[in-house]
There are 2 protein chains.
Amino acid sequence: MKMEDVKQVLKKHDIQPTNQRVIILNYLMNNYDHPSCDKIYDELSAIYPIMNRATIYNSLNLFVEKGILSPIYLNDKCRYEIKKPGHGHFICQECQKITDFSVNLNNSYSLDGYEVLNTDITFRGICPLCLEKKKEE
Amino acid sequence: MKMEDVKQVLKKHDIQPTNQRVIILNYLMNNYDHPSCDKIYDELSAIYPIMNRATIYNSLNLFVEKGILSPIYLNDKCRYEIKKPGHGHFICQECQKITDFSVNLNNSYSLDGYEVLNTDITFRGICPLCLEKKKEE
DNA sequence: ACTCATTTTAGAACAATTATAATTTTATAG
DNA sequence: CTATAAAATTATAATTGTTCTAAAATGAGT
């Protein structure tokens, strides 16, 4: 995905495509790691010295509000991914790695009267790599 | 549930049933509100002056670790409930109220190699009360 | 180019949670 | 029933993720 395309995505969501926002969204569209604001800051500020923490927080909040990103709330810090339906997350308690897996909720779950805006299916446990490490000990 | 029963629950989970722990767990077993540490502190310290914030954090973390409680991670503070399977949460974006609803995940979700320790299904949106309020405006 | 609204920035402020070190409570052995 | 050691609680400081504030910079529309 080219920078010009990222701009189009921003415009389509009624967001002014400023330099910083394009850089941040571009990073997220090419990163499937569910990064935290911290990680985004570290990686981007190494490349673009003109990048402030507050700007990243502002942008991430805006993108979530406008429906481009989904936040993933953990015990410590929030992490982000491009919003797309049909998947859930496995979060490893040991290494904090987040893995996507496909899922479809066909049931309606009798939530009459509630306006459901997004759904979130999260499994927690230990990932294969960490299980292996534990065995070795 | 009597205090004596709460003690038994703690013992069954290999936790020393100290006064504070019994008081905290008793509170949670009679409260279906998914309270935050803050709320637990406010309510309990009004009744029992001998109640420290750190103690409540310590106890909640211990209870989660030992499998008595489930944490519910929100954007700001963590909230807690007695762990029991077969339900998900609806979280209202306006008033932050958490509502339980029953759910059963029968699929296995192809997570071979992962050790899944708990599952969490959360819907977010607007609850009926807040929808009503918004209409009035 | 000029004006006004919007963004970005640096830094302070804030709030939830954890760490520290001293004191108190609890469990255990004599 | 004491003496002793281990564990829990406490007050307080420290840490950390995030938001706020006010000033400077950028961008859009005339």
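Residues that are part of a helix (DSSP H, G or I), within 10 Å of DNA strand C (Cβ to nearest atom), open to solvent by 80 Å² or more (accessible area, probe 1.4 Å) and not aromatic (Phe, Trp, Tyr) within the stretch A:36-66 comprise A:Arg53, A:Asn58, listed in sequence order. Total residues in the stretch B:16-35 satisfying the condition of being assigned to a loop (DSSP other than H, G, I, E, B), within 21 Å of B:Arg79 (Cα to Cα) and either open to solvent by 40 Å² or more (accessible area, probe 1.4 Å) or within 15 Å of DNA strand C (Cβ to nearest atom) (or both): the figure is 5. Scanning the stretch A:67-90 for residues that are within 12 Å of chain B (Cβ to nearest Cβ) and more than 13 Å from the chain's Cα centre (by Cα), we see that the one that is surrounded by the most Cβ atoms within 10 Å (Cβ to Cβ) is A:Phe90.
Each residue in the stretch B:108-129 was checked for being closer than 29 Å to A:Lys97 by Cβ and more than 8 Å from chain A (Cβ to nearest Cβ), and 2 of them qualify.
From the list B:Glu132, B:Glu136, the lone residue that is of a type in the set (D, E, K, R) and within 14 Å of chain A (Cβ to nearest Cβ) is B:Glu132.
Every condition in (1) facing chain A (nearest Cβ under 7 Å); (2) more than 20 Å from the chain's Cα centre (by Cα); (3) buried (at least 17 other Cβ atoms within 10 Å of the Cβ) is met by B:Leu105 except one, and the failing one is (1).
The values are calculated or read from the model by the stated rules, or taken from the named source; none is laboratory data. No experiment lies behind these values; they were computed from the predicted model shown. A quick note on method: Cβ atoms are made from the backbone with ideal geometry, for glycine too, and the neighbour counts reach across all protein chains shown. In case anyone asks, the SASA skips ligands and DNA or RNA and just uses the protein heavy atoms, side chains included. Shrake-Rupley method; radii C 1.70, N 1.55, O 1.52, S 1.80 Å.
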